[in-house]
Amino acid sequence: MAESRKRKGVFEVYEKKRKASEVGNKTRVFLGDSFQRWHSLKETVGLSTDAVVACLLLT
């Protein structure tokens, strides 16, 4: 008979999500009121990702 997988506990699931969120928060930038300007620059120049916009602005 096939073995059934053990269901993860609530705490394990929470910890996994918390760690993933923690990694994402280290690279997150809050633009606030500047979001509209960021988005219009991205469209005007024709850039595909926010990372490319950031590289453009940093160089």
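Where a number appears in this text, it was derived from the coordinates with a stated rule and is not lab data. The structure displayed is predicted, hence computed values, not measured ones. Cβ: placed from backbone, ideal geometry, glycine included. Neighbour counts: every protein chain shown.
Once each of the trypsin sites (Lys or Arg not before Pro) sitting in a DSSP loop with at most 14 other beta-carbon atoms within 10 Å is removed, the chain keeps 29-59 as its longest stretch. With semi-axes defined as the square roots of five times the eigenvalues of the C-alpha gyration tensor, the equivalent ellipsoid of the chain measures 40, 15, 10 Å, largest first.
Under 18 Å Cα to Cα from LYS26, which lysines show up? Leave out anything in the same chain fewer than 8 places away. Hits, sequence-local ones excluded: LYS16, LYS17.
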